[in-house]
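Q: The structure under discussion is supplied below as structure tokens; questions concerning it will follow.
The values are calculated or read from the model by the stated rules, or taken from the named source; none is laboratory data. Please read these numbers as outputs of a predicted model, since none were measured by experiment. Because the Cβ atoms are built from the backbone with ideal geometry, glycine has one as well, and the counts that use them run over all protein chains shown. What goes into the accessible areas is simple: the full protein's heavy atoms, side chains included, and nothing from ligands, DNA or RNA. Shrake-Rupley method; radii C 1.70, N 1.55, O 1.52, S 1.80 Å.
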Amino acid sequence: MAQIPNLDNAAVNLTSIREQSQKDLLNILKNVRGKKCLVIDPKLGDSLSLIIQTSILKEHGVELRHLSGDPIQTDCSKVVYLVHAQPGLMRFICSNIHNDVSKGLQREYHVYFVPRRTVVCEKVLEQEKLHNMVTIGEYPLYIVPMDEDVLSFELDLSYKECLVDGDTGSLWHIAKAIHKLEFSFGVIPNVRAKGKASVRVADILNRMQAEEPVNLSDMVVPEINTLIILDREVDMITPLCSQLTYEGLLDEFLHINNGSVELDASIMGLQQEGKKTKVPLNSSDKLFKEIRDLNFEVVVQILRQKATSMKQDYTEMTTTTQTVSELKDFVKKLNSLPEMTRHINLAQHLSTFTSKPSFLGQLDMEHTIVEAQSYDICFEYIEELIHKQEPLTTVLRLLILFSITNSGLPKKHFDYFRRELLHSYGFEHIAMLNNLEKAGLFKKQESKSNWLTIKRALQLVVEDTDTANPNDIAYVFSGYAPLSIRLVQHAIRSGWRPVEEILKLLPGPHLETKRGGFSNSPSFDTLSGISSNIAKVPDGRRAVVLLVFVGGITFAEISALRFFSTQEGIAYDLVIATTKIVNGQTLVETFMEKLG
């Protein structure tokens with residue numbers, strides 16, 4: 001099955017975006033004539049695997065290598081470095097070139113920065129006295145399509161950079177990516193943003209349109225009707241809760257990396273001891289597309305039913321005489337057997353994690369914290385985890401959740417937890433605790449918490465959630481509706497006005513504007529769910545809403561959005577764009593810095 005996702009069913013033409021990225025890369029390679037060695041930073045290699053097949057690169061006379069501190073082994077006289085613009089990676093390149101020079105090797109060097117060159121990186125080359133030996137260029141890769149409705153800007157650290165380091169460079173990058181989409185699909189007329197970073201992105205986007213305008217006359221009707229930008233900071237509660245959808249749990253326990261998971265071959269029933277195998281997970285796999293967004297309990301039942309029905313068919317085949325068309329149907333069903341086997345193996349493996357008492361205890365505690373009823377029980381539970389030296393990320397997820405729902409902890413408790421963490425896990429974690437405090441994730445209480453008000457007003461806790469036949473997005477966390485997606489529901493159905501008072505209780509400013517010459521285009525006021533017929537673009541397509549999550553989105557939230565867009569009266573197709581797909585663990589890890 002293809003690792004590169006199939007984008008044919010996308011709401012807008014994402015294939016053209018991917019093809020342009022392929023073309024840009026091949027042009028870079030064509031400019032360097034003859035045989036060459038392409039050296040990629042490993043992180044970028046993952047992104048490129050979703051854009052272009054290795055075989056195509058090889059057709060262009062390319063030898064592929066990954067950048068590291070070790071010298072590059074190749075016979076090519078031309079070396080092309082393709083790297084993110086990070087000073088650390090520049091040091092690897094410099095050490096590679098110095099190594100070649102010391103051996104008397106004469107090579108032609110090209111460095112292409114993704115997505116654009118930066119002064120800092122060029123300075124490193126100057127300091128190492130190598131800038132005269134290197135030709136510098138750019139590879140403007142701003143958007144990587146992960147699936148038919150999900151785009152990634154591949155900005156892993158944007159959340160920490162904005163909140164802790166005060167580095168807002170990623171916001172320019174996000175605005176640039178949205179502006180690139182506008183060149184393909186027209187200026188987006190309606191914009192809604194919530195959060196400091198999001199409002200800033202909307203502002204930069206307007207400046208870009210003023211400086212480098214998308215020609216309005218070419219586009220009769222923009223393909224994307226509305227842009228909604230949301231800060232992760234507005235809702236840090238959702239990513240810290242354990243996701244309970246199939247895809248969400250796969251990410252929690254097996255870490256989905258750019259559309260695939262890597263695990264022991266034996267788990268997948270392959271007879272290769274000690275070998276790892278990669279399992280692709282995207283909508284090209286029809287069974288995965290059907291079950292990815294469901295609650296895991298339901299997935300297990302569905303797989304069981306499918307296996308039973310196949311077994312019955314097989315029994316009928318062997319015991320009764322079949323017509324040719326019945327045989328044909330049976331063979332057709334057999335074609336889906338590899339997909340079935342793959343997901344039964346994955347589900348069985350996941351069950352070993354989800355049935356552990358420690359996981360079930362953690363789920364209970366998350367619900368108790370979100371309910372915000374029993375402060376002392378939560379306090380004692382987290383204290384016990386620290387004393388047992390449970391994995392640090394597990395402890396921090398609950399501790400940050402506890403701190404956010406209480407608007408920080410009383411000074412006495414804050415100091416106590418801080419001290420206990422350093423005693424249990426080592427003083428080298430002091431930098432990480434400072435980062436969390438700076439980001440407002442684990443801090444001293446300065447004012448009374450308004451979490452209960454927010455929770456009630458937006459109906460975030462839904463009693464008696466039916467996970468098998470859900471009627472609300474709360475099924476993705478078995479009873480908790482993600483705050484971020486509740487805000488999106490309001491933004492799409494009625495705009496910010498009806499929830500203005502609640503928005504003021506959440507971090508950061510909010511904004512709602514119209515752009516371009518579209519003051520007469522149907523806005524969301526007329527596009528509310530009730531009059532869904534207006535939401536059709538003139539040629540009969542559904543209107544498209546682009547949702548941008550600054551700081552990351554979880555798979556459970558993506559599932560909730562997919563569920564929401566299929567509800568009756570919702571006449572929009574959603575395209576989700578994010579700096580990175582995250583979960584509680586990966587988000588907490590971005591703040592981890594060890595001293596020494």
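Q: Go through the range 394-437 and report how many residues are over 14 Å from Cys378 (Cα atoms), of a type in the set (Lys, Arg) and crowded, with 16+ Cβ neighbours inside 10 Å.
A: So the answer is 1.
Q: Could you give every pair whose Cβ atoms fall below 7 Å, whose first residue belongs to the range 68-84 and is assigned to a loop (DSSP other than H, G, I, E, B), and whose second residue is open to solvent by less than 20 Å² (accessible area, probe 1.4 Å), counting only separations of at least 6 or pairs across chains?
A: Qualifying pairs under 7 Å: Pro71/Asn96; Ile72/Cys37; Ile72/Val39; Ile72/Val79; Ile72/Asn96; Thr74/Cys37; Cys76/Lys36; Cys76/Cys37.
Q: Would you pick out the residues in the range 52-67 that are assigned to a loop (DSSP other than H, G, I, E, B) and surrounded by fewer than 20 Cβ atoms within 10 Å (Cβ to Cβ)?
A: Matches in the range 52-67: Ile52, Gln53, His60, Gly61.
Q: Which pairs have Cβ atoms under 8 Å, sit 6 or more apart or on different chains, and link a residue in the range 157-183 that is touching a residue at least 24 places away in the same chain (Cβ under 8 Å) and in a loop (DSSP other than H, G, I, E, B) to one that is among the hydrophobic types (A, V, I, L, M, F, W, C) and open to solvent by 10 Å² or more (accessible area, probe 1.4 Å)?
A: Thr168/Cys162; Thr168/Ala197
Q: Tell me the helices (runs of 4 or more DSSP H) entirely within the range 223-321 that contain at least 3 residues that are open to solvent by less than 70 Å² (accessible area, probe 1.4 Å) and within 25 Å of Ile4 (Cα to Cα).
A: Qualifying helices (runs of 4 or more DSSP H): 246-254, 286-291.
Q: Would you mind finding the one in Ser484, Ser478 that is open to solvent by less than 60 Å² (accessible area, probe 1.4 Å), more than 29 Å from Lys160 (Cβ to Cβ) and either modelled with pLDDT of 95 or more or of a type outside the set (D, E, K, R) (or both)?
A: That would be Ser478, the only listed residue that is open to solvent by less than 60 Å² (accessible area, probe 1.4 Å), more than 29 Å from Lys160 (Cβ to Cβ) and either modelled with pLDDT of 95 or more or of a type outside the set (D, E, K, R) (or both).
Q: Now for a different question. Tell me which residues, restricted to the range 187-205, are out of contact with any strand residue (DSSP E or B) (no Cβ under 7 Å at 6 or more places or on another chain) and either closer than 24 Å to Gln489 by Cα or at pLDDT below 95 (or both).
A: Val187, Arg200, Asp203, Leu205
Q: Provide a single number: the residues in the range 372-393 that are within 27 Å of the chain's Cα centre (by Cα) and either over 21 Å from Phe417 (Cα atoms) or not in a helix (DSSP H, G or I) (or both). Let's see the steps before the verdict.
A: Going through the range 372-393, the residues within 27 Å of the chain's Cα centre (by Cα) turn out to be 390-393.
Retained after the next criterion (residues that are either over 21 Å from Phe417 (Cα atoms) or not in a helix (DSSP H, G or I) (or both)): 390-391.
The qualifying residues number 2.
Q: Restricting attention to the range 455-467, and to residues there that are in contact with a strand residue (DSSP E or B) (Cβ under 8 Å, 6 or more places away or on another chain), not in a helix (DSSP H, G or I) and not hydroxyl-bearing (Ser, Thr, Tyr), which single residue is least open to solvent (accessible area, probe 1.4 Å)?
A: Here the answer is Leu460.
Q: Between a first residue in the range 428-454 that is part of a strand (DSSP E or B) and a second residue that is of a type in the set (D, E, K, R), which pairs have beta carbons less than 9 Å apart while being 6 or more apart in sequence or on different chains?
A: Lys444/Lys411; Lys444/Asp415; Lys444/Glu437
Q: Let me ask something additional. Name the residues in the range 552-580 that are modelled with pLDDT of 90 or more, open to solvent by 10 Å² or more (accessible area, probe 1.4 Å) and touching a Gly at 6+ places or on another chain (Cβ under 7 Å), would you?
A: Result: Phe555, Lys580.
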